[in-house]
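Following: one structure in structure tokens, then a few remarks.
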Amino acid sequence: PGGGRLGESAGGDVGSEGRWELQLKGAGPTPFSRAADGRKVLRSSIRELLASEAMHALRLPTTRAAALVSSDARVSRDAGNNGQLREERCAVLARVARSFLRFGSFELCLNETDGREGPSAGMTEEVLAPLFEYALQRHYPHLCSLPSRTQRVAAFVAEVAR
């Protein structure tokens with residue numbers, strides 16, 4: 001199995017402390033990895049670390065790299081996007097952020113009628129509803145007391161769109 005696709009779910013949440021969350025990228029498959037192996041290579045991990053620190057220096061909200069560890073393990077990757085696989089050293093990037101919840105998280109349940117299909121299409125109640133409630137509890141707890149889900153969704157969209 002290859003990697004390198006955007007959204008391959010190579011990151012796994014480790015936990016949170018107060019308002020900070022910790023995630024390991026490249027530590028192996030996650031429940032959302034699909035066919036990818038969940039491993040990251042040192043080359044792309046260094047690039048992510050440098051990009052996140054540059055964004056932070058520009059005062060743009062971003063994840064922060066807490067640690068980068070390389071391994072003797074190797075995986076095959078198409079580094080040049082030319083069909084030529086080469087062995088590359090694996091790495092694990094520990095990163096922290098206020099949240100790893102992204103717009104793409106809510107696209108998991110898109111149906112094909114929405115123009116593209118998410119990996120959890122048709123699982124709105126099993127996946128999307130709990131994700132939405134988690135987002136409210138974690139980031140907008142003042143909206144949790146609204147009596148109906150419809151009201152909570154409308155208020156959530158208004159908050160996010162501000």
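A compact table of results
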| read-out | value |
| --- | --- |
| Residues of the stretch 16-150: accessible area per residue with a 1.4 Å probe, Å² | 63 |
| Rg and Dmax of the chain, Cα atoms only, in Å | 17.9, 56 |
| Per-residue ³J(HN,Hα) for the stretch 90-99, Karplus 6.51 cos²θ - 1.76 cosθ + 1.60, θ = phi - 60°, Hz, x for Gly and Pro | 7, 8, 10, 10, 8, 9, 10, 7, 5, 6 |
| Relative contact order [Cα under 8 Å, 6+ residues apart], the chain, whole percent | 17 |
| Heavy atoms of Glu117 accessible to a 1.4 Å probe, total area in Å² rounded to 10 | 120 |
| Residue-by-residue Karplus 3J(HN,Hα) for the stretch 134-150, coefficients 6.51, -1.76, 1.60, Hz, glycine and proline x | 4, 4, 4, 4, 6, 10, 9, x, 5, 8, 5, 7, 4, x, 10, 4, 4 |
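The values are calculated or read from the model by the stated rules, or taken from the named source; none is laboratory data. Computed from a prediction, not measured in an experiment: that's the story for all the values here. The area values use the complete protein model at the heavy-atom level, side chains included, leaving out ligands, DNA and RNA. Shrake-Rupley method; radii C 1.70, N 1.55, O 1.52, S 1.80 Å.
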